[in-house]
Amino acid sequence: LAMDVSGSMRATDVEPTRLAAAQAAARAFVAEQPRSARIGVVTFGGSAALVQPPTHNREDILAAIDRFELQRGTAVGNGILVSLKTIFPDQEFELPSQGAQRGQRGTPLEARRGDTKAATAPPKPSAPGSYASAVIILLSDGQTTTGPDPIEAARLAAERGVRIYTVGIGTPNGEILIGDGWSMRVRLDEEALQSIAQATRGAYFYAGTATELKTVYETMTSKMVLETRESEVTAL
């Protein structure tokens with residue numbers, strides 16, 4: 001689960017707030033998954049972090065969801081990159097940041113858990129949507145304000161066969177947020193979220209209310225397939 005915790009998620013065009021609705025839907029999603037499924041939680045605002053490594057422990061997952069704190073800025077691209085790093089911890093993911101000078105590279109995304117092991121070279125590109133062991137479910141209002149280009153980050157996911165299902169939370173008209181001496185209208189950027197999903201052979205869903213958001217997660221659950229494989233263990 002990649003969850004937007006940017007300041008725009010405090011908007012109330014989805015009741016009670018965008019963030020609270022997203023948290024409620026995430027809890028429902030976790031409750032509906034089979035116990036054999038591991039779930040991790042990534043949050044992104046101005047930066048992104050793995051706040052709960054993939055685990056079977058539902059209490060730990062729900063506790064991580066309850067601890068969300070809002071941040072300034074929205075780096076959707078970083079949210080995707082940290083999610084990919086969680087799925088493929090031995091690989092390095094690097095993209096130029098938005099606004100970087102020509103020829104200047106972004107900072108390589110290394111493991112967030114103190115892993116000092118050298119990252120391996122990226123594998124040969126896979127067919128988009130071909131990786132069956134994990135998916136990224138990204139919930140956001142879609143308005144990127146900082147960090148790497150989310151479409152480029154989505155292409156890295158597509159090259160590894162990982163599907164990204166995006167969920168748009170908010171309304172097209174949005175809401176005017178007022179801060180200390182500033183005001184800004186925050187709208188749902190559906191086009192950006194649709195592009196991310198299309199690039200990875202995932203799907204985009206619109207959720208205008210908390211009830212619709214829960215339905216979206218139920219729909220996506222039906223698209224996930226658990227695969228049982230036999231392995232030769234005679235040597236063991």
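Between Arg58 and Lys124, the distance separating the two model label sites (each 7 Å from Cα on the Cα→Cβ line) works out to 4.2 nm. Per-residue extension of 0.36 nm, minus the Cα-Cα distance of Arg35 and Ile178, leaves a gain of 47.2 nm for this segment.
Ligands, DNA and RNA are left out, and with a 1.4 angstrom probe the accessible area of the chain is 52 Å² per residue. Computed extension gain for Ala28 through Thr145, at 0.36 nm per residue and net of the alpha carbon distance, reaches 39.2 nm. A Stokes-Einstein calculation at 25 °C with viscosity 0.890 mPa s, built on the Kirkwood radius of the chain over Cα pairs, returns a diffusion coefficient of 135 µm²/s. DSSP finds beta bridges in the chain, and of those with both partners inside it, around 40 percent are antiparallel. Of the residues Ile61, Ile151, the one with the largest accessible area comes first in the ranking Ile151, Ile61, computed with a 1.4 Å probe on protein heavy atoms.
Once the convex hull of all Cα atoms in the stretch 42-85 is built, its volume per residue stands at 55 Å³.
The values are calculated or read from the model by the stated rules, or taken from the named source; none is laboratory data. If you're wondering where the values come from, they're calculated on a predicted model, not measured in any experiment. Here the Cβ is made from the backbone with ideal geometry for all residues, glycine too, and neighbour counts use every protein chain on show. Side chains included, ligands, DNA and RNA excluded: accessible areas come from the protein's heavy atoms. Shrake-Rupley method; radii C 1.70, N 1.55, O 1.52, S 1.80 Å.
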